[in-house]
Amino acid sequence: MPLNIIVCIKQVIDPEIPASQFKIDPGTKRQVQGSHSLVISAYDQNALEVAIQLKEKQGGKVTAISVGAATAATALKSALSMGADEAILVDDPAIAASDQQGIAYVLAKATQKVGTFDLVLTGCVSGDWGDRAVPAFMAEELGIGCVSFVSRIEAKDGQVVLRRVVEDGYELIEAKTPVLASVISDDTNTPRYPKLKDIMAAGKKTIPTWKAADLVLDPDRVGSGAARVAITDVYLPLKESKCEMIKGDTPQEQAANLAARLRELKLI
Amino acid sequence: MPGTLVLATTENAGLTRNALEVLAGGKKLRALLGEPVGAAILGRELSAHVPLLFAYGADQVYRAEHQLLERYQGDAFASVMHQICQRAQPNMVLLAGDSIGREVGPRLANRLKAGFVADFVDFDLEAASGRLRFTRQTYGGKAMAVMQPKAFPVVATAKLRAMEPPTKEEGRTGEEIVVDVALEASQLKTRVLEKIQEEVTGVKLEDAKIVVSGGRGVRGPEGFKVLEQLAQVIKGAVGASRAATDAGWVPPSWQVGQTGKSVSPDLYLAFGISGATQHVAGISGAKNIVAINTDPEAPIYKVAQLGVVGDWKAVATKLIESCKELTGR
Ligand SMILES: Cc1cc2nc3c(=O)[nH]c(=O)nc-3n(C[C@H](O)[C@H](O)[C@H](O)COP(=O)(O)OP(=O)(O)OC[C@H]3O[C@@H](n4cnc5c(N)ncnc54)[C@H](O)[C@@H]3O)c2cc1C
Ligand SMILES: Nc1ncnc2c1ncn2[C@@H]1O[C@H](COP(=O)(O)O)[C@@H](O)[C@H]1O
């Protein structure tokens, strides 16, 4: 059974930069990009990998959608080079400052505009703001089922079986399509490196940009005015560092000193 | 009277620690705003939990029993929580930031047209305005954000282990409301076929007083066998960084950090873990962090109280011996 899969991709400033290089703009309360690169948010790459593997097995089509600035086209190009068939950018100043509920609403509208879909995949958490809420908001908007923290998906005859990672193991969940799943990483969905020829081919593809007007959005539901919760401050936590280094010339001495220190502190 | 509603989850015929943590949040809101705390409890055969919920601070208990609530299922829980909210009309709904709350929370917020605050670590009233103000981590633990509702209701999830369970007040009572659940199997778009529970030898990671964790530096599943031995000797649980779980060395449920578990042990031993903020986000509640790393510049030393610079395996192996000697185990 061929599957039409939508994958939601968010472009973020590299989330793995060290804390010491992280800065917040005091005016906008957003992260300063500086010389850091823009990347596809970590788990969105896993979502894309799951989608591409499913397509390779079952046939079908993978469409990547991103709501973001013009720069997000680069993220979509990488999605195409990994194996997505089409990519759509939604970029409009009217929606730029939306909160997660607004973004999910826009993503749902864009998904509906794409047309028929069997699966919607997202990352389980975004690398910057990290609400893990967009997927569930989006499923509600679309009126479809929602399974979060999914590491693996198998499809057969209009049904999918999803492996949902929970605190003490995992659940196998059966769902009728269409269904939305937020993807968590495991050893089966490590994102592939695109081949040079695929990068070249992706470079030649055009990425349509949709505007608010193309999606017939309710203006009251997007933009900063629509947010029901205001972000009034973003600041860096104060971290004091006074690490006591354990001495010793050999691992044996170090271990003995550490054990003694832990004993002294009544920790073991 | 509108107040706070918390979702109290159960496991093995008891309330979860996560449920007690959100009840603590509810009690704190009551102290700040003077509003009552309702607890919603969903499942089957729940009567025994009701007095316990009162004892832990609930003023009302909404007891929703139905065949289809026997175990967690997103559509069922979202729908029944929505039904309870329509009746209770809460200003605030608090859920634990676990695999249930993180799914039900935003779904419920959408249905209630409510604001949503994810994973708060604390809240208070802003002195000047008297307005409620939540604090949460963001940017993978690199920053803190302050979030203030512009309107109510608001649905919020609490970061696990950010709040201590409340003390139990024996004999405290309240009002029990039995909810008339409207739920049909046909409403459920997804169905749990099977739950595969991982075997835990010893203590559960999220409850452990001692956690022995390994990262990419441990280099493979064999390394984790050594860490398991150490954990056994010092009665701890084993955790891992995302690098180790992504590589398949240990199951995803062992992951500690932003995406994985929040732990708050007295002692957290990090072997071969660099200390990325997303990892550290899961150990902010740890009282003592010990870093063992070959790189003296690794960021983990910035958050650790004790540090050893050296090869993880040599140190861990010798530590097993030293601990055996000291503890007599
Ligand atoms: C959205 C998002 C969410 C994330 N969530 C999480 C999460 O929940 N949990 C998590 O852990 N990560 C998470 N990460 C990933 C995180 O950013 C780091 O990539 C990850 O924590 C790195 O794991 P590590 O420290 O094991 O590996 P590395 O960063 O590669 O560090 C390995 C360390 O081992 C040391 N080492 C090497 N050899 C030895 C030796 N022989 N002896 C001793 N030390 C040695 C090295 O010096 C190095 O410091 C997330 C990332 C993103 C973007
Ligand atoms: N602007 C966006 N464009 C496309 N997808 C997004 C956007 N924001 C969030 N998502 C998706 O929702 C997931 C969870 O995001 P969040 O709720 O912010 O943690 C991400 O991993 C993405 O898959």
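Note on chain B: GNM, Cα springs under 10 Å; of B:Glu103, B:Glu175, B:Glu21, the largest mean-square fluctuation is that of B:Glu175. FRET efficiency for the pair B:Asp295 and B:Thr317, taken as 1/(1 + (r/R0)^6) with r the Cβ-Cβ distance and R0 = 22 Å, rounds to 0.65. When Rg and Dmax are taken over the Cα atoms of the stretch B:205-327, they come to 12.6, 37 Å.
With both labels modelled 7 Å from their Cα along Cα-to-Cβ, the B:Asp124 to A:Asp85 distance reads 5.6 nm.
Show that you can apply the helix-only estimate: for chain B, add -39,500 (n - 2.57) for every DSSP H stretch of four or more residues, divide by all residues, and state [θ] at 222 nm to the nearest 500. Show your work: numbers first, answer last.
Details: 8 runs with 89 residues, N = 329.
Value at 222 nm, helices only, nearest 500: -8000 deg cm²/dmol.
Rounded to whole numbers, the Karplus 3J(HN,Hα) couplings from phi for the stretch B:256-263 are 10, x, 3, 8, x, 8, 9, 10 Hz, using 6.51 cos²θ - 1.76 cosθ + 1.60 with θ = phi - 60°, and x at Gly and Pro. Oblate is the label for the stretch A:119-230, because a/c, from the alpha-carbon gyration tensor with a ≥ b ≥ c as root eigenvalues, is 1.5 or above and a/b does not exceed b/c.
For the stretch A:3-226, the convex hull spanned by the alpha carbon atoms encloses 133 Å³ per residue. Treat chain B as a sphere of radius equal to its Kirkwood radius over Cα pairs and apply Stokes-Einstein at 25 °C in a medium of 0.890 mPa s; give the translational diffusion coefficient in µm²/s, rounded to a whole number. The calculation lands on 116 µm²/s. Dimensions of the stretch B:4-187 based on its C-alpha atoms, expressed as ranges along the principal axes with the largest first, amount to 46, 40, 27 Å. Say R0 is 45 Å: what FRET efficiency, to the nearest 0.05, do A:Tyr235 and B:Ile177 get from their beta-carbon distance? For R0 = 45 Å, the calculated efficiency reads 0.60. Here the gap between B:Lys324 and B:Arg219, fully extended at 0.36 nm per residue and compared with their Cα-Cα distance, gives a gain of 35.3 nm. The C-alpha atoms of the protein assembly as shown occupy a region whose extents along the principal axes are 70, 70, 53 Å, arranged from largest to smallest. Taking the Cα centroid of the stretch B:68-83 and of the stretch A:2-71, what is the distance between the two, rounded to the nearest whole Å? That distance is 31 Å. Applying the Karplus relation 6.51 cos²θ - 1.76 cosθ + 1.60 with θ = phi - 60° to the stretch A:12-17 yields 3J(HN,Hα) values of 9, 6, 2, x, 9, 5 Hz, where x marks Gly and Pro. Site pair B:Lys150 and A:Lys204 shows an inter-label distance of 4.7 nm when each label is modelled 7 Å from Cα along Cα→Cβ. Using the Cβ-Cβ distance between A:Asp157 and B:Ala31 with R0 set to 56 Å, the FRET efficiency works out to roughly 0.55.
Label sites at B:Lys168 and B:Lys287, each approximated as a point 7 angstrom past Cα along Cα to Cβ, lie 2.2 nm apart.
Near A:Ser98, once Lys and Arg are set to +1 and Asp and Glu to -1 for all other residues with Cβ below 11 Å from its Cβ, the sum equals -1. Looking at chain B, the DSSP beta bridges with both ends there are about 20 percent antiparallel.
Could you state the orientation-averaged shadow area of the convex hull built on the Cα atoms of the stretch B:110-259, in nm² to one decimal?
It is 15.2 nm².
For B:Val6, the residues whose amide H sits under 5 Å from its own are B:Gly38, B:Ala39, B:Ala40, B:Leu94, ignoring neighbours fewer than 5 places away on the same chain, with H placed 1.01 Å from N. With a/c under 1.5 counting as rounded, go ahead and sort the stretch B:154-233 into rounded, prolate or oblate using the C-alpha gyration tensor (a ≥ b ≥ c being the square roots of the eigenvalues; past the cut-off, prolate if a/b is larger than b/c, else oblate). Oblate, because a/c is 1.5 or more while a/b does not exceed b/c.
On the protein heavy atoms, probe 1.4 angstrom, tell me the percent of accessible surface of the stretch B:205-327 carried by carbon and sulfur. Numbers along the way, then the final one.
Working: 2180 of 4340 Å².
Carbon-and-sulfur percentage of accessible area, whole number: 50.
Ligands, DNA and RNA aside, A:Ile13 has an accessible area near 30 Å² when probed at 1.4 Å. Each chain gives up part of its surface: B and A jointly bury about 7300 Å² of accessible area, both sides summed, for a 1.4 Å probe. Helix A:100-114 axis versus longest C-alpha principal axis of chain A: approximately 40°, rounded to the nearest ten.
Going by a ≥ b ≥ c, the root eigenvalues of the Cα gyration tensor, does the stretch B:228-294 fall in the rounded group (a/c under 1.5), the prolate group (a/b larger than b/c) or the oblate group? In terms of gyration-tensor shape, rounded. Multiplying the residue separation of A:Ala70 and A:Cys243 by 0.36 nm and removing their Cα-Cα distance gives an extension gain of 57.9 nm.
Rounded to two decimals, the Cα-based Rg/Rh of the stretch B:1-93, with Kirkwood Rh, is 0.94.
Remark: the stretch B:200-212, residue by residue, has Karplus-estimated 3J(HN,Hα) of 10, 9, x, 7, 6, 3, 6, 10, 5, 7, 10, 10, 10 Hz, where x stands for each Gly or Pro and the curve is 6.51 cos²θ - 1.76 cosθ + 1.60 at θ = phi - 60°. Between B:Arg136, B:Arg17, B:Arg71, the residue with the greatest mean-square fluctuation in the GNM of chain B (Cα pairs under 10 Å linked by springs) is B:Arg71.
Helical runs (DSSP H, four residues minimum) scored at -39500 (n - 2.57) apiece and divided by the length of chain A put the mean residue ellipticity at 222 nm at -9000 deg cm²/dmol. Springs between Cα atoms under 10 Å define the GNM used for chain B, and in it the highest mean-square fluctuation of B:Lys261, B:Lys27, B:Lys168 occurs at B:Lys168.
The values are calculated or read from the model by the stated rules, or taken from the named source; none is laboratory data. Everything numeric here is computed off the predicted structure, so don't read it as measured data. Please note: Cβ atoms are built from the backbone with ideal geometry, for glycine as well, and neighbour counts cover all protein chains shown. Surface areas here come from the heavy atoms of the whole protein model, side chains and all, with no ligands, DNA or RNA. Shrake-Rupley method; radii C 1.70, N 1.55, O 1.52, S 1.80 Å.
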